Amino acid sequence: MPGFKVLTSDITRDRSTRGMSWLGFSLALLLVLLPLISFAQTHLWKYQTFRAFDTGHSGGDHICDLRRDSNGLGRPDRLGDYVTIMGSVIAEPSTYETGGRLFWVRQAGCGILVYGEPESLRLGDFVSVEGWLRLTDGNCFFPETGLATLGDIAIENAGVRVMGKTGSPLPGTVTALELNRFPERYGGNLIRIPGLMRIGRRTDQSGDSFVWLHGARDSVLLYIDSDTGCALESDGQVRITVTGILIRMDPPSAIAHSPSWCLAPRRAADIVVQESGSAVAAISWGDVKRGFLDQD
């Protein structure tokens, strides 16, 4: 039947036309959406607190992952990325710099510096921090502090929220030998080194001091910031336990090569000196404070 053939052809053409219309519309929509998606990735998505690959057990990026250099290029894989971390404050703002713009955070066995904005935080505050992963140098810091020449990873502060309290953080204990074998493992973290037995060379610079402490098998370079109230004056045969943040610095050439890993005590109680033969045991401020809290 001729009429039937004409009707079938019309229907086929109509379907083909509609298919082409939908294809054209989809392509046009894609051309519109691609710039919008690119803009969102560049300017909006990086500010989200939680990312698509986060799990319910994390607040974002884990501090322990931020030092990873899978290409062996001498720089972190995530350098320049906008990251979100959660952890406990192990060195308060104003510890080493009076403006309150530097503090350290620990998550599990890893620590990191946060810098750039004044904050009011206390030891043991559990915080969420957002910002950009950087390599620190003199351009990131402030000339009035001896930390102006740090050379380690850090987060440029773009926002801090206090989520709770974990209590005064306790340091991990390592030997001088363990520290010098793998210093990056402890970088930015709160550690305690017992068994140091002798005070070595010392250099003062702008009120701050760099001091070598020698143990039975290895040595540790101590950075004493004038803002901390720490002191180490004895030159006799003493036994010393030091607690502090391990930071990478540019010390005076007269005392060490640059850059070097230095242990930076936070307060006078972080340095415990015993005369030889003394029965007094070394104890940190964290242990003392925890003892008082346990009595409540």
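What the phi angles of segment 156-167 give under the Karplus curve with 6.51, -1.76 and 1.60, with θ = phi - 60°, is a coupling list of 6, 5, 10, x, 10, 10, 7, 9, x, 9, 10, x Hz, glycine and proline written as x.
Computed about the Cα centre, the dipole magnitude for segment 84-192 is approximately 400 debye when only Lys and Arg (+1) and Asp and Glu (-1) carry charge, each at its Cβ.
For Met163 and Ala254 in one chain, what is 0.36 nm times their gap in residues minus the Cα-Cα distance, to one decimal in nm?
Details: separation 91, 0.36 × 91 = 32.76 nm, distance 4.42 nm.
Result for the pair: 28.3 nm of gain on full extension.
Once backbone amide H atoms are built at 1.01 Å from N, Gly100 has Ser94 as its partners under 5 Å, excluding neighbours fewer than 5 places away on the same chain. Ordering 208-214, 91-97 by mean Cβ neighbour count within 10 Å, with the highest value first, yields 91-97, 208-214. Annotation for Asp77 and Ser206: the two label points, set 7 Å from Cα along the Cα-Cβ direction, are 3.6 nm apart. A Förster radius of 41 Å combined with the Cβ-Cβ distance from Arg267 to Leu135 puts the calculated FRET efficiency at roughly 0.90. For Ala264, the residues whose amide H sits under 5 Å from its own are Tyr223, Ile245, Leu246, Ile247, ignoring neighbours fewer than 5 places away on the same chain, with H placed 1.01 Å from N.
Residues whose amide H lies under 5 Å from that of Gly200, counting only those 5 or more places away or on a different chain, are Trp212, Leu213, His214; hydrogens are built 1.01 Å from N in the peptide plane. Over segment 55-126, the alpha carbon radius of gyration divided by the compact-protein estimate 2.2 N^0.38 Å works out to 1.19. Based on protein heavy atoms only, segment 235-274 ends up with 36 Å² per residue of surface accessible to a 1.4 Å probe. Taken per residue, the accessible surface of segment 166-222 reaches 47 Å², heavy atoms only and a 1.4 Å probe.
The values are calculated or read from the model by the stated rules, or taken from the named source; none is laboratory data. Computed from a prediction, not measured in an experiment: that's the story for all the values here. Backbone-built Cβ (ideal geometry, glycine too); neighbour counts: all protein chains shown. When the accessible area is computed, the model is the full protein with side chains, heavy atoms only, and any ligands, DNA or RNA have been set aside. Shrake-Rupley method; radii C 1.70, N 1.55, O 1.52, S 1.80 Å.
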